[in-house]
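Read the structure below first, then the notes.
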Amino acid sequence: MNTSSLNMADAAVLPTHYAAAPVLADVLPPVRERGRFGTFFRRYPTVVVGGVLIGIMLFIAIFAPYLGTVDPTALAPAKRTRPPSALYWFGTDMLGRDIYSRVMYGSRVSLIVGFSVAAIASAIGAFIGLVSGFVRALDTVIMRVMDGLMSIPPILLAIALMALTRGSVGNVIVAISIAQIAPVSRLVRGVVLSLREQPYVEAAVASGTRTPAIIWKHILPNTLAPLMVQATFICASAMITESILSFIGAGTPPTIPSWGNIMAEGRALWQVKPYIVFFPAAFLSVTVLAVNLLGDGLRDALDPRLAKRL
């Protein structure tokens, strides 16, 4: 009786004892994860700063109608060239339009152009680079065409393309994308040329794997890291190019509020009303800086030599 009572007592105690173990196991991983995130933030602060700034700009672009703005195209000649005040935070332009509202809505144009150009140029450039780097019969022809495009400054090529079309956001995206394809294709081609000599690629070729499968499974995944970094710099360059095109009157129509258009409209009054140009220029500078910081941070984070030190 005593032995059976002891066994029953142990059986009653053991489940409670072992039930506590999973609770401790569940607590430990978050502690390790928090340590990893903290190490990453300390190691790559530019990724954090750039990501936060871009997040703020995205928030402004998405919620522009709810940030105390008014119609950015509403004319009020009686209120023109008002200085910044509690009523007009960024002042008004020569037509009485609220500059704060125009700057908030202008963030949409710059971000749409930047992200769209980065996506289009990266996709097309990656495809051209993969084909050129892996198919030697087409390499010479494709690269000579890319060299011809790279011999023309991107801004001049974009101006020439915009001269053939009407001013619109879509045409600006297409013009800038064409000017940015060549650098991406050469970058991807260089990566492919180094990857095709790797043993695992040669083994895939020797085993009879088809070229599209080799490119899709072995080559393309290894080009994503440098392609992501290049895409961030293309995004920043596209925002600057769009502002230049709008500033000289070859970009988006004047009826669309964009940072380039706002600066172009205020350049005549720069010496007496500098705030008309200052606010859109400041937002453009901060946005481009954020994208460049994110690109620099991604370059360091995706470098395998630096990753080993973490």
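Every number in this text was worked out from the coordinates using simple rules, so none of it is lab data. Please read these numbers as outputs of a predicted model, since none were measured by experiment. All Cβ positions, glycine included, derive from the backbone under ideal geometry; neighbour counts span all protein chains shown.
Here are the numbers for the structure shown:
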{"item": "Local electrostatic count, THR252, Cβ distance below 13 Å [Lys/Arg +1, Asp/Glu -1]", "result": "+1"}
{"item": "Kirkwood Rh, Cα atoms: Rg over Rh of the stretch 44-307", "result": "1.08"}
{"item": "Built amide H within the under 5 Å cut-off of GLY91, gap 5+", "result": "SER85, ILE99, TYR100"}
{"item": "Globularity index of the stretch 83-227, i.e. its alpha-carbon radius of gyration over 2.2 N^0.38 Å", "result": "1.48"}
{"item": "Extended-chain gain in nm, criterion 0.36 nm per residue less alpha-carbon gap, ALA213 and TYR200", "result": "3.4 nm"}
{"item": "Two-site label geometry, LEU58 and SER151: point separation in nm, points 7 Å out along Cα→Cβ", "result": "4.1"}
{"item": "Per-residue HN-Hα couplings for the stretch 103-109 [Karplus 6.51, -1.76, 1.60; θ = phi - 60°; Hz; x = Gly/Pro]", "result": "5, 4, 6, x, 4, 5, 5"}
{"item": "Amide H within-cut-off set for VAL70, under 5 Å, with H built and near neighbours excluded", "result": "SER101"}
{"item": "Linear extension gain, LYS79 paired with ARG144, 0.36 nm per residue minus alpha-carbon span", "result": "17.8 nm"}
{"item": "Distance between the stretch 182-233 and the stretch 42-119 - C-alpha centres, whole angstrom", "result": "40"}
{"item": "Estimated vicinal HN-Hα couplings, Hz - the stretch 75-89 in sequence order (Karplus 6.51, -1.76, 1.60; Gly, Pro = x)", "result": "8, 8, x, 5, 10, 6, 6, 7, x, x, 8, 5, 7, 10, 4"}
{"item": "Net +/- balance of residues flanking VAL291 in space, Cβ distance below 15 Å, scoring K and R +1, D and E -1", "result": "-1"}
{"item": "Radius 15 Å from Cβ of PRO154, net charge of other residues (Lys, Arg +1; Asp, Glu -1)", "result": "-1"}
{"item": "Kirkwood-Stokes translational diffusion coefficient of the stretch 205-288, alpha-carbon pairs, 25 °C, 0.890 mPa s, µm²/s", "result": "156"}
